[in-house]
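Everything on this sheet refers to the single structure shown next.
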Amino acid sequence: MTTAFMTPAPVHAPARHTGRARLWWLLAAGWAAHVALRLWLYRYHTGPVANPDETGYLLAARWLAGGPGADLTGSTFYQGGYPLLLVPIFWLTSDPVLAYRLVAGAGSMAAASAYPLAYLLLRRMGLGRRAALITAFVAALSPALVVFSGLALTDAILPVLVLAWLVALHDLVAYRSARAGAVAGALAAFAMATHLRGSVVLAVCVLVVVVVWAGRRAVAPGRGRAAGPVVAALASAAVVAVAGKALNGALGAALYPGGPRDLSGLLVSRLTSLEGQAWALSGAAGQLWYLVAGTWGLAGVGLAGAAATLVRRSAPYAHRVLAGALLLTTLGIAYASSAALPDEHRVGNYVYGRYLACVAVAWTLAGLIVLVKGGRLAVVRHALAAAGLLALTGGVAAWYAGDRLERYAFIAFDFPEVIFLTGENDALDLVAASVPALVLLACLTGAAFLTARRGRLLVVGVLALIDIAFTAGQAPARPSGGPDWLPAPPPGRVAVDRRVKWNIWVPLAYRVSWTRIEFYNGRPPSGACTAVVPYGTAPPPGWAATGLGGAQMGWTTWSNGRCR
């Protein structure tokens, strides 16, 4: 009896267990809410809208699942990492509409996963549990996680991939975790197998683990040798990279028999000439401008905070490494993607946001950390630095592009955040977009400056209002009825005249889910049942025009009488 009285009861264990269970329920509920929002936003999407990119990934996924492929010779190479994740969808159904809806659902679930990952990252950056839950939930409303989540694009998963990589990288450095090292290496290599931007992620990851190994005594004194986590990171990166290379090799041989679009020569010329360097650096500046403007200034605050953390010796070593890794990744992607971008006579060649969308959420979190945790003077300094960065990068982009920003094609799909800022969907005015971005930054900074430290979550509330307004602008309109802009051939072999434009035959290759479309010059193959030809072409004997299409659409179809 005395012994029982003297033995302390574990009174804190149930409370700890209850708190942990409540946390996971909150994260699960928040994730489900974000999924539901995205499913609602993309409820009317039944097929690719961003061609040829979406179709390229969908055709790759269908071929990997055992379905028919296509001949994309001469097109941009769409790597296999992202399509590999979509393979189970094409095992479930071959119907292109249903498959696309399921892809949109999968992308919505992936983008919503930014919420728990952002929470983990914020906790590692020193935010309290309640503040991290609220801040992460609002950050998951970022445009980069809303615009692309319902599309068949790598941009639906890359922001989440980067967040997961940053969490693993932090744990590798802070805790010398071999498991975290293996995860960080595998994620970086998978990013490389997914998109060329991932090559920068992998290069930075390898650099970081080498630095960790070289400075193992400074990473975590007294916690043992650093070789194990480093070896785990490098080994997992090597294994996944080799597998990714084999996957992309097989995909290239099947879908690009004549070879993909070769940009290597262009890249070399850009890197080895003054004019090419001017193009690459100005394009990188334009991407940084878009990154800052498209996050309402928060990325600029985060960039300034990361630079300050990197040089402040009193900052935790893991935080400094993470700041350096994210800075290198961002600058590397901006420069390399701009250097490899061909001049397509569009405004997006000079100012573009999609390539850095994969790091936009991470920089939004970095900016929020500064505004929520920093002192008033620090908040003002970082906000002024963000405003200066916006002005500098925008000025460089405008100086180099000149009147091409007015003469070249403005594609609205490239500028969702800018359209929200300006209300104009047919032109880019850098000044007109910068001013409202600075106003929003001033609102966020003012909320941080005027409230006490404990009330800094007002900043998150202001951001929530901005992001909700942006998301409301993305709300879909019910599609109006009208003639189908694509051919709808019946089952059987389908042949396409090589004179038909790519914007017809590329999406058609996905719609024709039962066979690989064939190309021809002159007369259609005798065994084909449907031929797609330029509008106004007379059918040869044995073929009959169906009357579909038209001059505006640029195509018509013929039916082979032998297939009846």
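Suppose we filter region 80-95 for residues that are touching a Gly at 6+ places or on another chain (Cβ under 7 Å) and in a helix (DSSP H, G or I); how many remain?
Going through region 80-95, the residues touching a Gly at 6+ places or on another chain (Cβ under 7 Å) turn out to be 81, 90, 94.
In the following step, the residues that additionally are in a helix (DSSP H, G or I) were identified as 81, 90.
Qualifying residue count, region 80-95: 2.
Does Ala184 count as touching a Phe, Trp or Tyr at 6+ places or on another chain (Cβ under 7 Å), outside any loop (DSSP other than H, G, I, E, B) and at pLDDT 95 or above? Walk me through it before giving the result.
Details: touching a Phe, Trp or Tyr at 6+ places or on another chain (Cβ under 7 Å): yes; outside any loop (DSSP other than H, G, I, E, B): yes; at pLDDT 95 or above: yes.
Spelling it out, Ala184 is indeed touching a Phe, Trp or Tyr at 6+ places or on another chain (Cβ under 7 Å), outside any loop (DSSP other than H, G, I, E, B) and at pLDDT 95 or above.
Output yes when any residue across region 304-317 is out of contact with any Cys (no Cβ under 8 Å at 6 or more places or on another chain), buried (at least 24 other Cβ atoms within 10 Å of the Cβ), among the β-branched types (Val, Ile, Thr) and within 27 Å of Ala442 (Cβ to Cβ), and no when none is.
No, because not a single residue in region 304-317 is out of contact with any Cys (no Cβ under 8 Å at 6 or more places or on another chain), buried (at least 24 other Cβ atoms within 10 Å of the Cβ), among the β-branched types (Val, Ile, Thr) and within 27 Å of Ala442 (Cβ to Cβ).
Take Leu187 and tell me if it is more than 14 Å from Val35 (Cα to Cα), free of Cβ contacts under 8 Å to residues at least 40 places away in the same chain and either crowded, with 22+ Cβ neighbours inside 10 Å or touching a Pro at 6+ places or on another chain (Cβ under 7 Å) (or both). Step through it out loud before you land on a result.
Details: more than 14 Å from Val35 (Cα to Cα): yes; free of Cβ contacts under 8 Å to residues at least 40 places away in the same chain: yes; either crowded, with 22+ Cβ neighbours inside 10 Å or touching a Pro at 6+ places or on another chain (Cβ under 7 Å) (or both): yes.
Here the answer is yes, as Leu187 does meet what is asked.
What's the total number of residues in region 465-477 that are modelled with pLDDT under 90 and in contact with a Phe, Trp or Tyr (Cβ under 7 Å, 6 or more places away or on another chain)?
Residues meeting the conditions: 1.
Does Ser337 satisfy the condition of being crowded, with 21+ Cβ neighbours inside 10 Å and either in contact (Cβ under 8 Å) with a residue 24 or more places away in the chain or part of a loop (DSSP other than H, G, I, E, B) (or both)?
Criteria met by Ser337.
Under the condition of being touching a residue at least 12 places away in the same chain (Cβ under 8 Å) and out of contact with any helix residue (DSSP H, G or I) (no Cβ under 7 Å at 6 or more places or on another chain), which residue from region 410-426 is surrounded by the fewest Cβ atoms within 10 Å (Cβ to Cβ)?
Filtering first and then ranking leaves Asp426.
Which condition number does Val512 fail, the rest of (1) out of contact with any helix residue (DSSP H, G or I) (no Cβ under 8 Å at 6 or more places or on another chain); (2) crowded, with 21+ Cβ neighbours inside 10 Å; (3) modelled with pLDDT under 90; (4) not small (Gly, Ala, Ser) being met?
(3)
Scan region 146-169 and tell me whether some residue there is in a helix (DSSP H, G or I) and touching a His at 6+ places or on another chain (Cβ under 8 Å).
Our first condition is that a residue be in a helix (DSSP H, G or I); within region 146-169, this holds for 146, 154-156, 158-169.
From the residues that got through so far, the ones that are touching a His at 6+ places or on another chain (Cβ under 8 Å) too are 154, 158.
Yes: region 146-169 contains one or more residues that are in a helix (DSSP H, G or I) and touching a His at 6+ places or on another chain (Cβ under 8 Å).
Can you list the helices (runs of 4 or more DSSP H) found entirely within region 215-334 that contain at least 1 residues being in contact (Cβ under 8 Å) with a residue 40 or more places away in the chain, under 28 Å from Gly56 (Cβ atoms) and touching a helix residue (DSSP H, G or I) at 6+ places or on another chain (Cβ under 8 Å)? Full working, then the answer.
Numbers: elements: 216-219, 227-255, 264-271, 274-293, 298-311.
Answer list for region 215-334: 227-255, 264-271, 274-293.
State whether the residues of region 521-528 include one that is surrounded by fewer than 15 Cβ atoms within 10 Å (Cβ to Cβ) and either touching a strand residue (DSSP E or B) at 6+ places or on another chain (Cβ under 7 Å) or of a type in the set (Phe, Trp, Tyr) (or both).
yes
Taking the stated definitions as given, is Arg43 part of a loop (DSSP other than H, G, I, E, B), more than 30 Å from Ala132 (Cβ to Cβ) and of a type outside the set (A, V, I, L, M, F, W, C)?
On the way: part of a loop (DSSP other than H, G, I, E, B): yes; more than 30 Å from Ala132 (Cβ to Cβ): yes; of a type outside the set (A, V, I, L, M, F, W, C): yes.
So Arg43 passes the test.
Would you mind finding the one in Gly374, Gly394 that is surrounded by fewer than 24 Cβ atoms within 10 Å (Cβ to Cβ), at pLDDT 95 or above and out of contact with any strand residue (DSSP E or B) (no Cβ under 9 Å at 6 or more places or on another chain)?
Values: Gly374 fails: at pLDDT 95 or above.
Testing whether each residue is surrounded by fewer than 24 Cβ atoms within 10 Å (Cβ to Cβ), at pLDDT 95 or above and out of contact with any strand residue (DSSP E or B) (no Cβ under 9 Å at 6 or more places or on another chain) leaves just Gly394.
Hey, can you tell me all the residues within region 398-409 that are surrounded by 12 or more Cβ atoms within 10 Å (Cβ to Cβ) and closer than 18 Å to Leu281 by Cα? Walk me through how you get there before you give the answer.
To start, the set of residues in region 398-409 that are surrounded by 12 or more Cβ atoms within 10 Å (Cβ to Cβ) comprises 398, 400-401, 404-406, 408.
Listed by number, the residues that qualify are Ala398, Tyr400, Ala401, Arg404, Leu405.
Output the residues belonging to region 406-421 that are at pLDDT 95 or above and in a helix (DSSP H, G or I).
Result: Pro416, Glu417, Val418, Ile419, Phe420, Leu421.
If I ask for residues that are over 24 Å from the mean Cα position of the chain (by Cα) and acidic (Asp, Glu), which ones from region 425-445 would you list? Outline the logic, then answer.
Residues of region 425-445 over 24 Å from the mean Cα position of the chain (by Cα): 429, 431-432, 435-436, 438-439, 442-445.
Asp429, the sole residue that qualifies.
Out of Gly353, Gly348, I need the residue that is assigned to a loop (DSSP other than H, G, I, E, B), in contact (Cβ under 8 Å) with a residue 12 or more places away in the chain and within 22 Å of the chain's Cα centre (by Cα). Which one?
On the way: Gly348 fails: assigned to a loop (DSSP other than H, G, I, E, B).
Answer to the selection: Gly353.
Name every residue in region 55-79 that is of a type in the set (Gly, Ala, Ser) and assigned to a helix (DSSP H, G or I), in order of residue number. Break it down stepwise before answering.
Restricting attention to region 55-79, the residues satisfying the condition of being of a type in the set (Gly, Ala, Ser) are 56, 60-61, 65-67, 69-70, 74-75.
Answer for region 55-79, where residues must be of a type in the set (Gly, Ala, Ser) and assigned to a helix (DSSP H, G or I): Gly56, Ala60, Ala61.
Criterion first (among the aromatic types (Phe, Trp, Tyr), crowded, with 21+ Cβ neighbours inside 10 Å and either touching an Asp or Glu at 6+ places or on another chain (Cβ under 8 Å) or under 24 Å from Asp53 (Cα atoms) (or both)) does Trp485 satisfy it?
On the way: among the aromatic types (Phe, Trp, Tyr): yes; crowded, with 21+ Cβ neighbours inside 10 Å: no; either touching an Asp or Glu at 6+ places or on another chain (Cβ under 8 Å) or under 24 Å from Asp53 (Cα atoms) (or both): yes.
So Trp485 fails the test.
The values are calculated or read from the model by the stated rules, or taken from the named source; none is laboratory data. Note that this is a predicted model, so its numbers are computed, not measured. Quick reminder, even Gly has a Cβ in these numbers, built from the backbone with ideal geometry, and neighbours come from all protein chains shown.
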